Amino acid sequence: MRPVATVAIVLIATVMGTQFPAWGQVVAPNPNVPITSRGPLTPLGWYGFGSIACAAVSPMIGTIVLGREMTLSKVNRMALSCFLGPVGWLLGPLLFPDPVVTALRRRRKIRRRGVRGRRAAAISTSRRAA
């Protein structure tokens, strides 16, 4: 999971750096030059920030709603749905299938009652008969 997070952070930093490359070179403000704003955030920027926020918050809300910890496949499906929308709903089960859970059968203890069982329990191995 860490390599994916690292790639995502580098990708976000790269995209933000290409939008405003001059922010890396800060100079003292010149009082003779009017201050201009950088403009509103583009729709693609809103989509990016919104999908990242959705992917971060949706597992928290899902855990509260279910009342238990979510499985990894459900969290991955939620994140995919945040980024791709309805396409993520279709691709999620294919990429992150549900784990197969089977019930284990317990073996029943068979208690043997009888003369042999009682005698075996009464024998002491600490004394030797001469």
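The values are calculated or read from the model by the stated rules, or taken from the named source; none is laboratory data. Keep in mind it's a predicted model, so treat the numbers as computed, not measured. Please note: Cβ atoms are built from the backbone with ideal geometry, for glycine as well, and neighbour counts cover all protein chains shown.
Here Gly114 meets each of (1) over 21 Å from Arg2 (Cα atoms); (2) modelled with pLDDT of 80 or more; (3) among the small types (Gly, Ala, Ser) with one exception, condition (2). Determine whether Leu84 is at pLDDT 65 or above and touching a helix residue (DSSP H, G or I) at 6+ places or on another chain (Cβ under 9 Å). Yes; evaluated as a whole, the condition is true for this residue. For residues in the stretch 41-94 being of a type in the set (D, E, K, R) and loosely packed, with under 12 Cβ neighbours inside 10 Å, which is farthest from Ile12 (Cα to Cα)? Here the residue is Arg68. Taking the residues in the stretch 64-99 that are polar (S, T, N, Q) and assigned to a helix (DSSP H, G or I) as candidates, determine which candidate is farthest from Tyr47 (Cα to Cα). For the stretch 64-99, the residue satisfying everything is Ser73.
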